[in-house]
Each structure stands twice: as C-alpha cells, then as structure tokens.
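Have a look at the structure below before the remarks.
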Amino acid sequence: MYLSNIKFWNFRKFGSVGDIDLSKPNLDLTLTKGLNVIIGENDSGKTAIIDAIKLVLKTHSYDYIRVEDKDFYNEANRFRIELTFEDLTPDEAKNFTEWLGWTGTGEEVKPFLKLNYEVKRQDKKIWPADVKAGVDDDGYLLTAESKEYLKATYLKPLRDAENELIAKRNSRLSQILLGDTAFKGKEKEHELVKIFESLSEELKKYFKGEFEIAITNEVGEEQTVRPQEGKQIKDKIDGYIKGFYGSNYETDFKASTSDIKSILEKLSLFLKDEPNPGLGTLNRLFMAAELLHLNKSNWSGLRLGLVEELEAHLHPQAQMQVIEAFQKQDAIQLILTTHSPNLASKLKLENLIICNNGNVYPMGTTYTKLGLDNYKFLEKFLDTTKANLFFAKGVILVEGWAEEILIPSLAKAIGINLTEKGVSIVNIGHTGFDHYAKIYLRISEPNMKIPVAVITDSDIREYEKNANDFIKRDTITIQQETQQKLVAINGKSENNVKYFPAPNWTLEYSLFKSASLADLFQNVAKAAHTHTDWNTDFEKALAKKLINKGLKKTEIAYQMANAIDEDLVKKVRTIQISDDVNDTVNYLVKAIKYASGI
C-alpha cells in the first residue's frame, strides 16, 4: 500500500477564513507510489506536509510529536488532516478490515483506507484528539495495533547521523535491527546471545586468573600462560568485601547482556576502512540502515520514508548518487523535501512537487501542459543551472548569454534587485521556450502564480544579403511582418506565463534603436570590434555582423553591464533607462517588473 492523497483544512499555512468546508480542502495533494520530492522556496509549506504525515502516523523512531498552536492556520480553532492509502494487498488489508472502503465494481473492486485527524482548540487550550478511519467524514477510532502498521520512517533535517549509529541504549540502529526477521522473535535463542554467553564465561575466567592465552617465548616456543591482572583486581575488591561482610564473601564478574536487544544496543555501524568518517558518510550510512528497515521482509504494514533536506551534509555528487539510488526503490514510498537544484536536476520531472503560494503542484503528466516530448527533453537538458527555476519567486527565461548577463544590471538601473526579489534568470540556450514555460501551465486549476517572463527576439530582419552587399528591406514590409510576429508571440502568453518579444529583430538591434542605451551600445560595440568600419554606416555594419553571426554578443553585453553597474555608484548618473513605452528596450523593463511582481 502507499499514501496516495493528503488533504488539509486550516493546517499551518494551508487555510482560509471561516469554518471548514469538507468539500473544499485547502490542500489536495496526490502522491505517486515511489519517489515524491517536494521542492520550493523557503516557507512555502514543504515541512508542513511532512509534519502533517508525522502527526497522523507517528514514527518508528518514536519521535516526540504533538500538536502546537502554530499548527492552526491564522486564528482558526480547528484543523483537519486526511490521508488516503491505496493498493493494499490482502496481507495489508487484513490489518484494517473494519475501516476499509472500496472502489470499482466486480473484479476491479479495490480496497482503500482513509484516515482523518481533526484537532480543536478553545481559549488557547488544545483538546486531545485521536486518529480515526473509515469511508465517512467522521470515521471510527483505530486500535493501537492497527496504528503500529501505519508508522512512518522519518529522517529529520540536519540529522545527527553519528548519534543514531553509535552503541547506546535504545539506539536507532538497534531498533532497525530488532525489526528485521534475522532478530525479531529470537530474544533468547539467537546465535548472538550464545556468543555473548560464551564471552561472559571467558570474562569470569579472566577475573579468576584462569583465562589462557598462547604466547611465543624468547626461543620461539609456543606456551600457554594465564594473565593474573584480572585476578589481582578481583582479589583487591574481594578484600574490601570480606571486610564489609565477612570472610565467606567474594565477588563475581558477569557480562549482563543476555538478550538480543541489549546486544544490539552495543553495536555501532561504520564504513569499512573509514576509521574517522565525516558527516556525509555517516548520513549515507544512516539512510542505508533506514532502507534496510523499510525493505524488511514479512512486514504487512506501510513502507513510507519521510526525509527532510536530503542534501544535508552531502556534497553535490553525493546528492546525485543518493537520489539515483532512491529512484530505484520500487517496493517503498519516499517523500522528500529539498532545497538543492542538484537534486532537482537529477530527478524525473514526474517525481517533483512544487510548493508555492500556499498550494502544491505535482509535475506529473496528468497535471501540467507538458507533452511527452517536453518531458523527454527536460530529462536531458534540465541541468543544475536551469533547475533553480523551481525555487524562485519569479522567473525570466532568456535564449542566450547576452540577456542573462545584461538583465540584472538593467534591473538595478530601474531600482529592482532581482536577487532580493527571488527572481531567477534561466538561460535556456535556444528558442525552445515551450519546454520550460509549460512547466508552469496546468491542465486544470489551481493555476500556478509564479510570474514567468519569456524574453525572446522577434527575429524579423531589417537587412537582407544581396549578392555581395547587404540591403535595407522595405520599411512598411518590416513593420507588417514585425507586427504579425509580435501578435503571434504575445498570443503564446497564458495565465502566469507572459511573453515579451523584442520590437526589433534582436536584443542588440533593439539596444541600437533605444533612445536611452543607443550611445552606450555603439561605444561598446566599437570597442569590441576594433577592426570593423562602424563610422560609414553603423546600422548596416551591425546588420552584417548579425546576419553573418559575427557579433560578439556576450562581450558587448558584459561591457554594457559593467558600464551600467559603475554608473549606478556615481553621484551624477549618466545612464538612465527610459520607462517610455516607445523605447525599444521597454520590453525588457516590462519583463523585469512582471517577474518581480511589480
């Protein structure tokens, strides 16, 4: 079985004003059988989802979990969590017979289990509540035995893996091993118990001076000796005891470990040939041990792992190794949270769930407007650099390095710091914006609210090559073609995804035509191409380089950005970005403002 759906009403940041309407959950999240990775900016609700599952199911490691005031949305005095489980095998279903519901008909009928956990507070006092199950809205109390089959495995953020793996009373390692069929139900008869009993007898002999060891003497002969250090210690203690009690009393040393639990609590787990493992190694060891627990045989309960901030203490390459291993775990369900673009870039898009603006957006094929070709493309080309778009408050998609370099400086020049606004500029390296833009478009509501600005060239040439010369095209024809192209590009805008096409040919041509940046552009272009004759006809020379793909776009953008940045710290600024709608760089200004939420 697996956790197929989570619903919240007035839990944490997922809530609304007024009483609970069971037909309108504030969060309705469908999960997949295998790997589910929840991503998004800070305070977007990722941890709330993990905590809700823990509140209802509790954990195998007996974490201290209780309801607090912060769990209630705003001033609400009631919250509700519903969890639904599907694909129960007959062996799993038998643990919940009286609470099961059924879907389908005939041979297609399948059981499901729905839990609800509703908590109320009054006058700042939180009233005790318990988990219920059943097909109706109220349900019936689950027994303690049934709850044991629903516990989850939980790995907290910044986990102290070393403390979990060392020998100590009730260590997590001993709990994991005790749950394995190798040890479960063999408290007294296990082979390890016999080994420790044998050790106990040898310890007694040591303190009596009867323990024998073989040594090689000076002439190379092997002989047996009985070390007396242990007996000397015992004799001294016995002397004190005889004084305290009488001459008939003496002590006896005994190894107290006589059951498998105590033995396992004395075990520690380390990586072979790594005497001083770091936090990254210990974390991977800890996760490996927990996977052993989740994959234990002869278990008819839930196999659900919750991992917060998987990347904790792991360098990028290690993160990718771990997530690849997790994606191969077919028999268990994993729900992870992460802030790591490295992990996001390595995952299949269908495994991602984006948290944003008080809602969640699974990225599976039944939710987004991405086609199968888009999914295949993104699996190949969604690298770490582009994956940061999943963690942004706003996104600007551009087709090349020139835009990526220049836009942050343009934004600062108009008083907008894109970093402070949480806006990511994603250079896709081509004009295939659909592959990325459709990530943010949903088949049905709720729609995403992350503002996505797509900046693209209009690509209507103003010059054409004719024999050995470059000829200016007819102005009216250019205007007509440009207008048609701009209408077509703007027509792609949908919901939160807005297109901002250049009104002239390319970015560079628009900079050349700009009332506010033309002079700067020309000076920088001349400095970048010192062997080009710009003075005769600058526009024609620029067109020639654009057509022949000889313009140093990246260098020009870099030098312009530097000049704008340097001008910003001057007492009297000489570079002013015009807010005039007729300025040919106004499309960049509008895109920056839109992505910044202005």
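Being among the hydroxyl-bearing types (Ser, Thr, Tyr), touching an Asp or Glu at 6+ places or on another chain (Cβ under 8 Å), farther than 30 Å from residue 337 by Cβ and part of a strand (DSSP E or B) is a property that does not hold for residue 153.
Every residue, every condition in (1) of a type outside the set (A, V, I, L, M, F, W, C); (2) within 30 Å of residue 471 (Cβ to Cβ); (3) touching a residue at least 60 places away in the same chain (Cβ under 8 Å); (4) in contact with a helix residue (DSSP H, G or I) (Cβ under 6 Å, 6 or more places away or on another chain), yes or no:
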{"position": "540", "(1), (2), (3), (4)": "yes, yes, yes, no"}
{"position": "547", "(1), (2), (3), (4)": "no, yes, yes, no"}
{"position": "551", "(1), (2), (3), (4)": "no, yes, no, yes"}
{"position": "556", "(1), (2), (3), (4)": "no, yes, yes, yes"}
{"position": "566", "(1), (2), (3), (4)": "yes, no, no, no"}
{"position": "570", "(1), (2), (3), (4)": "yes, no, no, no"}
{"position": "577", "(1), (2), (3), (4)": "no, no, yes, yes"}
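Every residue in the stretch 105-150 that is part of a loop (DSSP other than H, G, I, E, B) and within 14 Å of residue 68 (Cα to Cα), please. Give the derivation first.
Kept after step one, since they are part of a loop (DSSP other than H, G, I, E, B), are these residues of the stretch 105-150: 105, 109, 123-124, 127-131, 134-139, 142-143, 149-150.
Hits for the stretch 105-150 are 123, 124, 127, 128, 129.
Restricting attention to the stretch 315-342, the residues that are farther than 14 Å from residue 36 by Cβ, buried (at least 20 other Cβ atoms within 10 Å of the Cβ) and over 13 Å from the mean Cα position of the chain (by Cα) add up to 0. Can you find even one residue in the stretch 492-510 that is aliphatic (A, V, I, L, M), at negative phi and exposed (fewer than 14 other Cβ atoms within 10 Å of the Cβ)? Within the stretch 492-510, not a single residue is aliphatic (A, V, I, L, M), at negative phi and exposed (fewer than 14 other Cβ atoms within 10 Å of the Cβ).
Given the structure, is residue 312 closer than 30 Å to residue 149 by Cβ, of a type outside the set (Asp, Glu) and modelled with pLDDT under 85?
Working: closer than 30 Å to residue 149 by Cβ: yes; of a type outside the set (Asp, Glu): yes; modelled with pLDDT under 85: yes.
Answer is yes for this residue.
Every residue, every condition in (1) under 21 Å from residue 103 (Cβ atoms); (2) among the aliphatic types (A, V, I, L, M); (3) in contact (Cβ under 8 Å) with a residue 24 or more places away in the chain, yes or no:
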{"site": "7", "(1), (2), (3)": "yes, no, yes"}
{"site": "12", "(1), (2), (3)": "no, no, yes"}
{"site": "22", "(1), (2), (3)": "yes, yes, yes"}
{"site": "30", "(1), (2), (3)": "yes, no, yes"}
{"site": "37", "(1), (2), (3)": "no, yes, yes"}
{"site": "52", "(1), (2), (3)": "no, yes, yes"}
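Restricting attention to the stretch 549-597 and to residues that are in a loop (DSSP other than H, G, I, E, B) and under 34 Å from the mean Cα position of the chain (by Cα), the residue that is surrounded by the fewest Cβ atoms within 10 Å (Cβ to Cβ) turns out to be 597. Within this structure, residue 494 passes the test of being acidic (Asp, Glu), under 17 Å from residue 369 (Cα atoms) and either touching a residue at least 12 places away in the same chain (Cβ under 8 Å) or touching a His at 6+ places or on another chain (Cβ under 8 Å) (or both). Checked against (1) out of contact with any Ser or Thr (no Cβ under 9 Å at 6 or more places or on another chain); (2) under 30 Å from residue 269 (Cα atoms); (3) in a helix (DSSP H, G or I), residue 239 passes all but a single condition, namely (2).
Give the residue that is nearest to residue 285 (Cα to Cα), with candidates limited to residues of the stretch 233-271 that are under 53 Å from the mean Cα position of the chain (by Cα) and among the basic types (Lys, Arg).
Taking the stretch 233-271 first, the residues under 53 Å from the mean Cα position of the chain (by Cα) are 253-271.
From the residues that got through so far, the ones that are among the basic types (Lys, Arg) too are 254, 261, 266.
Numbers: 254: 33, 261: 21, 266: 17 Å.
The extreme case among them is 266.
Here the condition is being small (Gly, Ala, Ser), touching a residue at least 24 places away in the same chain (Cβ under 8 Å), touching a helix residue (DSSP H, G or I) at 6+ places or on another chain (Cβ under 9 Å) and farther than 28 Å from residue 277 by Cα; of 358, 364, 305, it holds for 364 alone.
Here is a check on your reading of the model: is residue 393 out of contact with any His (no Cβ under 7 Å at 6 or more places or on another chain), surrounded by fewer than 22 Cβ atoms within 10 Å (Cβ to Cβ) and more than 30 Å from residue 10 (Cβ to Cβ)? For residue 393, the condition - out of contact with any His (no Cβ under 7 Å at 6 or more places or on another chain), surrounded by fewer than 22 Cβ atoms within 10 Å (Cβ to Cβ) and more than 30 Å from residue 10 (Cβ to Cβ) - is not met. The residue of the stretch 342-368 that is farthest from residue 7 (Cα to Cα), among those that are part of a loop (DSSP other than H, G, I, E, B) and touching a strand residue (DSSP E or B) at 6+ places or on another chain (Cβ under 7 Å), is 347. For residue 562, are the conditions met, namely being out of contact with any Gly (no Cβ under 9 Å at 6 or more places or on another chain) and either at pLDDT 95 or above or not assigned by TED's automatic domain parsing to the domain that holds residue 470 (or both)? Yes: the conditions hold for residue 562.
Which one is nearest to residue 311 (Cα to Cα), of the residues in the stretch 129-144 that are within 33 Å of the chain's Cα centre (by Cα) and either loosely packed, with under 14 Cβ neighbours inside 10 Å or in contact (Cβ under 8 Å) with a residue 40 or more places away in the chain (or both)? It would help to see each step written out before you state the result.
So in the stretch 129-144, the residues within 33 Å of the chain's Cα centre (by Cα) come out as 129-135, 137, 142, 144.
From the residues that got through so far, the ones that are either loosely packed, with under 14 Cβ neighbours inside 10 Å or in contact (Cβ under 8 Å) with a residue 40 or more places away in the chain (or both) too are 129-131, 135, 137, 142, 144.
On the way: 129: 34, 130: 34, 131: 32, 135: 38, 137: 38, 142: 36, 144: 34 Å.
So, considering only residues that are within 33 Å of the chain's Cα centre (by Cα) and either loosely packed, with under 14 Cβ neighbours inside 10 Å or in contact (Cβ under 8 Å) with a residue 40 or more places away in the chain (or both), the one nearest to residue 311 (Cα to Cα) is 131.
Considering the stretch 64-92, the residues that are among the aliphatic types (A, V, I, L, M) and in contact (Cβ under 8 Å) with a residue 24 or more places away in the chain include one that is nearest to residue 25 (Cα to Cα), namely 81. The residue list 260, 215 contains one member that is outside the structural domain of residue 310 (by TED's automatic domain parsing) and either over 30 Å from residue 156 (Cβ atoms) or modelled with pLDDT of 85 or more (or both), which is 215.
Quickly run through the stretch 198-236 and pick out the residues that are hydrophobic (A, V, I, L, M, F, W, C) and part of a helix (DSSP H, G or I).
Going residue by residue through the stretch 198-236, those that are hydrophobic (A, V, I, L, M, F, W, C) are 199, 203, 207, 211, 213-215, 219, 225, 233.
Scanning the stretch 198-236 gives 199, 203, 207, 233.
Summed over the stretch 132-165, residues that are aliphatic (A, V, I, L, M) and more than 29 Å from residue 113 (Cβ to Cβ) total 3. Within the stretch 167-175, does at least one residue satisfy the condition of being over 32 Å from the mean Cα position of the chain (by Cα) and either surrounded by fewer than 17 Cβ atoms within 10 Å (Cβ to Cβ) or touching a residue at least 12 places away in the same chain (Cβ under 8 Å) (or both)? For the stretch 167-175, residues over 32 Å from the mean Cα position of the chain (by Cα) and either surrounded by fewer than 17 Cβ atoms within 10 Å (Cβ to Cβ) or touching a residue at least 12 places away in the same chain (Cβ under 8 Å) (or both): present. Screening residue 79 against (1) buried (at least 17 other Cβ atoms within 10 Å of the Cβ); (2) in a helix (DSSP H, G or I) leaves a single unmet condition, (2).
If you check residue 37 against the conditions, is it among the hydrophobic types (A, V, I, L, M, F, W, C) and surrounded by 17 or more Cβ atoms within 10 Å (Cβ to Cβ)? Spelling it out, residue 37 is indeed among the hydrophobic types (A, V, I, L, M, F, W, C) and surrounded by 17 or more Cβ atoms within 10 Å (Cβ to Cβ).
Taken over the stretch 255-292, residues that are closer than 23 Å to residue 312 by Cβ, touching a residue at least 12 places away in the same chain (Cβ under 8 Å) and in a helix (DSSP H, G or I) amount to 12.
The values are calculated or read from the model by the stated rules, or taken from the named source; none is laboratory data. These numbers were taken from a predicted model, which means no experiment stands behind them. Because the Cβ atoms are built from the backbone with ideal geometry, glycine has one as well, and the counts that use them run over all protein chains shown.
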